[in-house]
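Since the structure comes first, as structure tokens, the remarks are kept for the end.
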Amino acid sequence: MGIGAVGAALGYPASEAVHLLLHHIHGGLHNAAMALQLSAEEGASGREDDPRLVAQSGLEGIARAARGVSLLTVVLGLKAGPGAAPADHQWVALVESLLSSRAQQRHVELDVEATADAVSPCAVDPDRLVAMLLQGIEAIDAASPGSRVNISTRADRERMPSSSAAE
């Protein structure tokens, strides 16, 4: 089954989230592959890159892809997701990055109100992250080019994005 069939089965905006997440996963794996290639070529090229920085770049690429896969499983209805993974800013940052990319494609300005409770020490809620992603996609797509979309990551307020005309 190709991505078109998956998108048709999911419908909008989940199909758009799948496309954004696959692009994100591809980027993370590409970064990891480049880091591995750099470390393999280091001796042959005569470059003196710090092996720790190269390894760290590769690990960050793998972690980026893994977070994308975890969120993708929730979008696809597999309910695996991050589960009880330690909470950190990376999960909300992933959703922000995906929405930022979407907003840039649509020529819409995106404001994300990140709050302390978004990075609290409690476990990550994958359903909340996916809801934020899907609602954000819908708000960005509904906005006119040049307008602004505001998204809040607060748990205690309605997370429906809002849009306004740009000044």
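The values are calculated or read from the model by the stated rules, or taken from the named source; none is laboratory data. Note that the structure is a prediction, hence the values are computed from the model and not measured. Every residue, glycine as well, gets a Cβ built from its backbone with ideal geometry; the counts of neighbours run over all protein chains shown. Protein only, heavy atoms only, side chains kept; ligands, DNA and RNA dropped before computing areas. Shrake-Rupley method; radii C 1.70, N 1.55, O 1.52, S 1.80 Å.
For beta carbons closer than 6 Å, sequence separation of 6+ or different chains, a first residue in segment 129-143 that is outside any loop (DSSP other than H, G, I, E, B) and a second that is of a type in the set (Ser, Thr, Tyr), the qualifying pairs are ALA139/SER163. Within segment 26-48, the set of residues being modelled with pLDDT under 85, surrounded by 14 or more Cβ atoms within 10 Å (Cβ to Cβ) and either under 29 Å from the mean Cα position of the chain (by Cα) or among the basic types (Lys, Arg) (or both) comprises LEU38, SER39. Within segment 96-137, if we keep just the residues that are surrounded by fewer than 20 Cβ atoms within 10 Å (Cβ to Cβ) and charged (D, E, K, R), the residue that is modelled with the lowest pLDDT turns out to be ASP117.
Any residue in segment 24-37 that is touching a residue at least 60 places away in the same chain (Cβ under 8 Å) sitting within a Cβ distance under 8 Å of a residue that is not acidic (Asp, Glu)? List the pairs, counting only those 6 or more apart or interchain. Matching pairs, first to second residue: HIS24/ARG64; HIS24/ALA65; HIS24/GLY68; HIS24/LEU94; HIS24/SER97; HIS24/LEU98.
Here GLY146 meets each of (1) at negative phi; (2) modelled with pLDDT of 80 or more with one exception, condition (1).
With respect to being at pLDDT 90 or above and in contact with a Pro (Cβ under 8 Å, 6 or more places away or on another chain), VAL74 falls outside the description. Restricting PRO86, PRO82 to those that are farther than 27 Å from ALA143 by Cα, at pLDDT below 90 and open to solvent by less than 50 Å² (accessible area, probe 1.4 Å) reduces the list to PRO82.
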